[in-house]
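Everything below concerns the one structure shown next.
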């Protein structure tokens, strides 16, 4: 079997044999010197937003360093890769890693999409396997905007810790009882150590992947997790993680959800001096352009070849919602009919009905959110 890994920005394509694939060997750094390892994960539906994050990295890339970007690929099309290729700078390498190859060795039913999260969110758990040739690797969600060269972050001294991350915004919540209850449920002893997994600095060469894999699979089998792989990482690395400055992962809904914290001068300063803005929660800048820091995101989006697609997708979504609001009783009637048909049909017909039911269910939920 041959695995193709495309290296964009350097103008090369590598052919990798099965023996050298991600199943049996670690990916090697793209550059011999000043190599900064970055990992992102996306499917074809999220590529326009991935592009904005990449654009922000390219915009702030330091001239004396090389940016070694690996994208865990969950079905990105050749056309999309071609558009991303045109964005890259000379000191930036972009490679695509087919993570589905790794899924063959585990029970993939444990990876379940939910809410705003796709299955691709779990792929960061493979970093200690794929990237074990790297001293440090920075994982970034695709809903972040980078405003810094990232050199200082990737050069942080973590001492004996295996990862570094920023405290999750909910640890600042005035309603700490709910937060502590969640920590008790998943087995995290100190809520103050709970970090956000949207920006994580890994030390892959210090992590025993086989032990790590055994741990995360056991957790996924036996625990009910509200925040999926973020909970997994917090459970495993609670005493092996280093908390770093909030500016490296400023979760933009922090002050929006907890306006009383605006009186905190340190948090207010973090907002103005954020080096990475993370658009946490379901209120993304492409859906809510009037929210804080959305304008910065849109300025980067304009410089990508996906700008028009982003506008079209979100305008179409708004139009569908408007139509459903006007015809909501017809929508609800169709939803109830499909709900009944799911129970009384079988086989291929049932699968088709189930697919339609799930699509309509999402539309009904959107309507209810607006009306409530």
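Couple of notes before you dig in:
- Here the Gaussian network model covers the chain, with springs between Cα atoms less than 10 Å apart; of 196, 35, 218, 218 fluctuates the most.
- Here each label is just a point 7 Å from Cα along the line to Cβ, and for residue 282 and residue 348 those points are 3.5 nm apart.
- GNM result for the chain, Cα springs below 10 Å: residue of 199, 151, 99 fluctuating most strongly: 151
- Residue order, fewest to most beta carbons within 10 Å, for 276, 219: 219, 276
- Taking the fewest neighbouring Cβ atoms within 10 Å as the starting point, the ordered list for 336, 183 is 336, 183.
- Theoretical ellipticity at 222 nm over the chain - DSSP helices of four or more residues, -39500 (n - 2.57) apiece, nearest 500: -12000 deg cm²/dmol
- Share antiparallel - DSSP beta bridges, the chain, percent rounded to 5: 50 percent
- Among 235, 332, 130, sorting on how many other beta-carbon atoms sit within 10 Å of each Cβ, with the fewest leading, yields 332, 235, 130.
- Rounded FRET efficiency, nearest 0.05, which uses the C-beta distance separating residue 181 from residue 151 and R0 of 45 Å: 0.70
- Applying 1/(1 + (r/R0)^6) with R0 = 22 Å to the Cβ-Cβ distance of residue 358 and residue 314 gives a FRET efficiency near 0.55.
- Modelled this way, with points 7 Å down the Cα-to-C-beta line, the labels at residue 101 and residue 89 are 3.0 nm from one another.
Every read-out reported here was derived from the displayed coordinates using simple, explicitly stated rules and does not represent laboratory data. Worth saying up front: this structure is predicted, and the values here are computed from it rather than measured. Quick reminder, even Gly has a Cβ in these numbers, built from the backbone with ideal geometry, and neighbours come from all protein chains shown.
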